[in-house]
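Here's the structure, in structure tokens; my notes come after.
Read the figures in this text as sums done on the coordinates, not as results from a lab. The structure displayed is predicted, hence computed values, not measured ones. For neighbour counting, all protein chains shown are included, and Cβ atoms are generated from backbone atoms with ideal geometry for every residue, glycine included.
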Amino acid sequence: MDEVSIAADLAREMFWVALKIGAPVVLVGLGVGIAVSLVQSFTQIQEASVSVVPKILAVGITLIVLLPWAMYVLVDYTREVMGGMGDWLP
């Protein structure tokens with residue numbers, strides 16, 4: 001394999017790992033944001049802190065719950081990269 005294809009494979013895998021780790025957190029924030037927005041529109045409460053605090057709490061709880069899984073994914077990716085270094089070097 002040439003250097004360009006190795007770099008492309010590493011970059012693709014890196015972006016895939018980032019997407020796998022980041023997507024659940026972003027989706028939870030999006031869902032809570034939409035729910036709070038609907039509640040605000042129904043009740044006509046337009047306070048800024050009402051929309052921010054639930055999102056911060058939901059994202060924080062999601063990060064705490066998903067931390068072991070995220071660490072497993074990152075360690076697995078690191079092992080894959082470090083284990084393949086011998087194959088990439090000339």
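Details
- Entry for Kirkwood radius over Cα pairs in Å (calculated from the structure that is shown) out of [x] 21.3; [y] 17.2; [z] 15.9: [z]
- The chain: relative contact order as a whole-number percent, Cα under 8 Å and 6+ apart: 42 percent
- Net lengthening on full extension, residue 39/residue 27 (0.36 nm per residue, minus Cα-Cα): 2.5 nm
- The distance between label points at residue 81 and residue 50 comes to 4.4 nm (points 7 Å beyond Cα on the Cα→Cβ vector).
- Paramagnetic reach from residue 9 in the stretch 48-90 [backbone N under 20 Å; point 7 Å along Cα→Cβ]: 74-90
- For the chain, the longest principal axis of the Cα atoms and the long axis of helix 3-43 meet at an angle of about 10 degrees.
- Degrees, to the nearest 10: 48-83 long Cα axis against longest axis of the chain: 10 degrees
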